[in-house]
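Just so it is clear, none of the values below were taken in a lab; they were calculated from the coordinates. The model shown is predicted, which means the values in this text are computed figures rather than measured ones. Cβ placement follows ideal geometry from the backbone for every residue including glycine, while neighbour counts extend to all protein chains displayed.
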Amino acid sequence: MPEARFRVKRYDPEAPVMIGARYDEFTVPYESSLTVLEGLFYIQEHLDGSLAFRYCCRAAVCGSCAMYINGTYRLACQTNVRHLHGDAITVEPMPHIPLVKDLVSDMTDFFAKYEAIKPYLMRNSKTPDAEIPQSEADRKKLDMPIDCIMCGCCYSSCPSVWGEGSYLGPAALLKAYRFEVDSRDEAGKTRLPSFDNERGIYRCHTITNCVEACPKELNPTEAIQWLKGATVRRRLLGRAK
Amino acid sequence: MIYHELIVVGGGLAGLRAAVEAKKAGVDVAIISQVWPGRSHSGAAQGGVNAALANHPESADDTWEKHAFDTVKGSDYLADQDAVAQMTKDAIPIIYEMEHWGCPFSRFEDGRIAQRPFGGAGYPRTCYGADKTGHYMLHTMVEKAYEAGVAMYVEWFVGRLIVDEGVCRGVVAYDMISGGWTAFGAEAVIMATGGAGRTYGNSTNAIISTGFGMAMAYHTGVPLKDLEFVQFHPTGLLTTNILMTEGARGEGGYLLNDLGERFMERYAPKAMELAPRDITSRSIQTEITEGRGIGGKGYVHLDLRHLGAQKIQEKLPGIRDLAIHFEGVDPIEEPIPIVPSQHYSMGGIDTDMDGATVLPGFFAAGECACVSVHGANRLGGNSLLETVVFGRRAGAAAAAYVKALEEKFDSSTAARRAIAEVEERIDRLADNAVDGEDPYAIRLEMTTTMKEHFGVFRDAATMRVGLDTMYELKERVARAGLRCTVGVFNLDMIRTVELEGMIDVALGIAAGALNRTESRGSHSRTDHPDRDDTNWLKHTLAFYQPEGPRLEMKPVALGMFEPQERTY
Amino acid sequence: MRQELIQEHQGGMWLWLLQRVTAVVLVVGLAVHLIVLHAFNLGELTFDNVAARVASWFFAAVDLSLLGAGLFHALNGTRMVLLDYGFSGEVARCWGRSSGWWVWRPSDTAPGPSGRG
């Protein structure tokens, strides 16, 4: 039976403060295939019951298990150990985000920022009895942003977030883009104040770490640049979109 | 003690929809969820949601009555027809409402919501957003809940209900982020915790779909209905059981056996791959049992190659990603190896059309409830529909119930007692830490037993062995040992506590299955291969008893359609 | 934190837009400046020659706009760098953050002793 060696970064909020991080090593046997998430479950069930990590769908659609695995942002459920190199699999929580315990990050700010950009469709005109028509071309513009699973990889990878804790970050701005670019949205200038400022879109310096980190291969940077242009078009030229 | 007039347990589509509806009615409502609501298992739904919008060129004369007929026929006539009529009628406005709230459905050229054919449906009436419909609907609902200002307690694990003098008065929950158990007082509780997929070892469901919500209701005396009807999805990925949507067949995918035959022509010559799920799963299982699995092994192929790269990338991008990442197979180049996998619990908490149960102040909606609109077999695209239709109805009914209450009496004593009971139970589990049973060994044995003894095909002898094992596991789980009792994000505690509930629900499934001596929908017995409308056209109700479930029967609401033979 | 995040801020568009515009002015203006000075023979570098050149509106406009654009672009750029290093917030936190993210390995910064990175 093959075995995988896991090096898991630990953090216990109740333990006394120590210098340096603690890494625990575990050996996980498996039959033919093992994902990192399955490995973590094996550790939690058989080796160390106190290990904490997030899990839900195990099919890369819920965004719970985003982690820093062998120095790369990955979803633990989607990462098969046979695709990882090196003699041990190093599993760490997403860096630059406060921790709750072990691999569980504190996502409070992340979701507060998401809430701050008013993430919902705004309408003024009378709602029709049937659907609001949308052309295939307009719907296509949504393809990229609606696939976001809010895992937080982009947010954790963004140096602008590291530098300024109140920067909205790529995920929230991608969500703002998702609504601003939607042909059905009639927010006009109401959503603008939430991101048209220097802890919003202008803090993005197109570093593109987010693009690289995204496990869904989305492009928040491009979305933010679009928002900058759209803001100018709206404020100076009075365009609706 | 935290107080809200209405508590919704579970932040999936049904829970969110209920909360939004109650909030609209002016009730102070809070959602308690084990995960951030946008991570709920509703988001894993892929194929679509049914509504007779008649947008598809081939469905111009589609009506809600035809949708109702397909649903009832699909249910093998066990669905309550009044509830089905309500759901299919509500489907049209509620899908438009989802669209108005921003749900990014795919579109036809004329700008209307796109629809695709789905299993067991007479017309293409499944509205979809690529192959991520659940994800899109869930995120739309989350956004709506944020807009409505619904209070959310995210990452709280609900451990039990508070019942005071026969009325549901709140819940006790564990704060995963800060640690510790807290009582939530409320005038009413809506349970929307999803299905019990994880009682099976081969489930497509999320790891949090344990059925623990059902178990909490069950333990307080609310009966669970039709538990034995467990849907097996025909196409789960071979190694992980991850769902490959029915939409893949809706778009024209083939099911092939080792000989390269489209074997569905033997079982459903008209509908072919788009037969209902129970029939398709049985066909696949039969092929496998008779040795025509690929290479004689236990799987068949879902072949999409003839659809072409462009169609796959446009209509089924999510499926392709999943197949590549989890099975190492690119559907554009190769057929996907698939097996029938546990997918959905048709059964659940016995509710009426408004989500109300026998326990005053306690409502349920979504997969954890059984209205019943799915009867013995659910049609694809009806589960997302059920969550929003009955979520809304439960939310409205619970809000009306709360507002009609004349006095709001104090239940803090009952709350304290409930917390004490939870803590006592944890202590008891902790006492077994050293010499107790390993809860994870029990869990594994349960999921294996359910998978092997209560699968696609069932018979008395196999089930009796399985039931005995389940009884033995129930005894062992009482002695389970808990190693970690305190601290934040204590997975050991959550998973051990929920295991007890899972076993009770699994036992209900097992007992109900052995008891029902006929084949109907997803419940297919080789020793009783025929449907028996004389004796079994009725629902099973399971009542909790410490020694094992007590089963009762309840009539089915007929009226619109007379039961007839079911062929596709 | 939460309140601060929900609160809406205004401004930044003009600075961002000007930064872009001045960048274009600099790229074009500097090119013109260099080409004119080096490729064309403008006579000897004497006071009279230079004075005559600057008296022409074309040279004056190019040089002044270059100066203005350069000043704005550089100063605003520096301001943004300072902002990125956290100078907008309370100083202690800023220094922690600004010195932290490049000295330490990324994963070592979370969690700090206070439990917040």
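Quick one: if the Förster radius is 45 Å, what FRET efficiency do B:Phe561 and B:Glu472 give, using the C-beta to C-beta distance and rounding to 0.05?
0.55
How many nm is it between the label spots at B:Ala60 and B:Gln545, if each spot is 7 Å from the Cα in line with the beta carbon?
Label-label distance for B:Ala60 and B:Gln545, simple model: 6.0 nm.
For segment A:108-237, what is the number of Lys pairs with C-alpha distance below 16 angstrom, counting only pairs 8 or more positions apart or on separate chains?
8
For A:Thr90, enumerate residues with amide H under 5 Å from its amide H, sequence gap 5+ or separate chain, H modeled in the peptide plane.
Those lying under 5 Å, H to H, from A:Thr90 are A:Arg7, A:Asn70.
Please enumerate, by chain and number, the aspartates and glutamates with C-alpha under 13 Å from the C-alpha of B:Lys225, excluding those fewer than 8 residues away in the same chain.
Straight-distance partners of B:Lys225: B:Asp80, B:Asp350, B:Asp352, B:Glu367, B:Glu552.
Using the Cα centre as the reference, give the magnitude of the dipole from point charges on the C-beta atoms of segment B:417-555 (Lys, Arg: +1; Asp, Glu: -1; all else neutral), rounded to the nearest 20 debye.
Roughly 440 debye for segment B:417-555.
With a/c under 1.5 counting as rounded, go ahead and sort the protein assembly as shown into rounded, prolate or oblate using the C-alpha gyration tensor (a ≥ b ≥ c being the square roots of the eigenvalues; past the cut-off, prolate if a/b is larger than b/c, else oblate).
prolate
Which listed residue (A:Gly49, A:Gly39, A:Ala59) has the Cα farthest towards the positive end of the charge dipole for segment A:3-105, taking +1 on Lys and Arg C-beta and -1 on Asp and Glu C-beta about the Cα centre?
Of A:Gly49, A:Gly39, A:Ala59, it is A:Ala59.
How high is the FRET efficiency from B:Val434 to C:Ala31, r the C-beta distance, R0 60 Å, rounded to 0.05?
The value I calculate is 0.15.
Reachable aspartates and glutamates from B:Lys66, Cα under 15 Å, same-chain residues fewer than 8 places away excluded?
Output for B:Lys66: B:Glu58, B:Asp82, B:Asp90, B:Glu562.
Show me the ranking of peptides B:142-148, B:279-285, B:323-329 by mean Cβ neighbours inside 10 Å, starting with the highest.
B:279-285, B:142-148, B:323-329
Antiparallel as a % of all DSSP beta bridges within the protein assembly as shown, to the nearest 5?
On the way: 60 of 86 bridges.
In the protein assembly as shown, DSSP labels about 70 percent of beta bridges as antiparallel.
Which of A:Trp162, C:Trp14 comes first, and how do the rest follow, when ranked by fewest Cβ neighbours within 10 Å? Could the numbers behind the result be given before it?
Working: A:Trp162 24, C:Trp14 11.
In order of increasing Cβ crowding within 10 Å: C:Trp14, A:Trp162.
Can you grab the distance from the C-alpha centre of segment B:331-398 to the C-alpha centre of segment C:58-74, Å, no decimals?
Answer, in whole Å: 68.
Roughly speaking, what is the centre-to-centre gap between segment B:444-461 and segment A:11-47 when only Cα atoms are used, to the nearest Å?
Here the two parts' Cα centres lie 32 Å apart.
What does the charge dipole of chain B about its Cα centre add up to, to the nearest 20 debye, if the Cβ of each Lys and Arg holds +1 and the Cβ of each Asp and Glu holds -1? Can you show the working numbers first?
On the way: 55 positive and 77 negative charges, 86 e Å.
Approximately 420 debye in magnitude.
Assigning unit charges at the beta carbon (Lys, Arg +1; Asp, Glu -1) and nothing else, what dipole magnitude in debye, to the nearest 20, does the protein assembly as shown show about its Cα centre? Please report the intermediate quantities before stating the final value.
Details: 94 positive and 116 negative charges, 455 e Å.
Dipole about the Cα centre, nearest 20: 2180 debye.
Given the options A:Cys158, C:Leu71, B:Val388, identify the residue whose Cα lies farthest towards the positive end of the charge dipole of the protein assembly as shown (+1 on Cβ of Lys, Arg; -1 on Cβ of Asp, Glu).
C:Leu71
Among A:207-214, B:543-550, how do they line up from the highest to the lowest mean number of other beta-carbon atoms within 10 Å?
Output ranking for A:207-214, B:543-550: A:207-214, B:543-550.
In whole percent, what relative contact order does chain B give with Cα contacts below 8 Å and a gap of six or more residues?
After rounding, I find 21 percent.
Could you rank the peptides B:82-88, C:24-30 by their average count of other C-beta atoms within 10 Å per residue, with the highest value first?
Averaged packing, sorted descending, gives the order B:82-88, C:24-30.
What do you get for the angle between helix B:491-515 and the principal long axis of chain B? Use alpha-carbon atoms, 0 to 90 degrees, nearest ten.
60
Residue by residue through segment C:61-72, which ³J(HN,Hα) values in whole Hz follow from phi under the Karplus form 6.51 cos²θ - 1.76 cosθ + 1.60 (θ = phi - 60°), with glycine and proline marked x?
5, 4, 5, 5, 5, 4, 4, x, 4, x, 4, 4
Picking from B:Asn535, B:Gly348, C:Leu26, whose Cα lies most toward the positive end of the charge dipole for the protein assembly as shown (charges on Cβ: Lys, Arg +1; Asp, Glu -1)?
C:Leu26
So how tilted is helix A:220-237 from the main axis of chain A? Cα-based, degrees 0 to 90, rounded to 10.
Roughly 20 degrees, rounded to the nearest 10.
Based on alpha-carbon centroids, what's the gap between segment B:1-65 and segment A:145-186 in Å, whole number please?
About 24 Å separates the Cα centre of segment B:1-65 from the one of segment A:145-186.
Taking a cut-off of 20 Å between Cα atoms, list the lysines near B:Lys451, but don't count ones fewer than 8 places away on the same chain.
B:Lys297, B:Lys474
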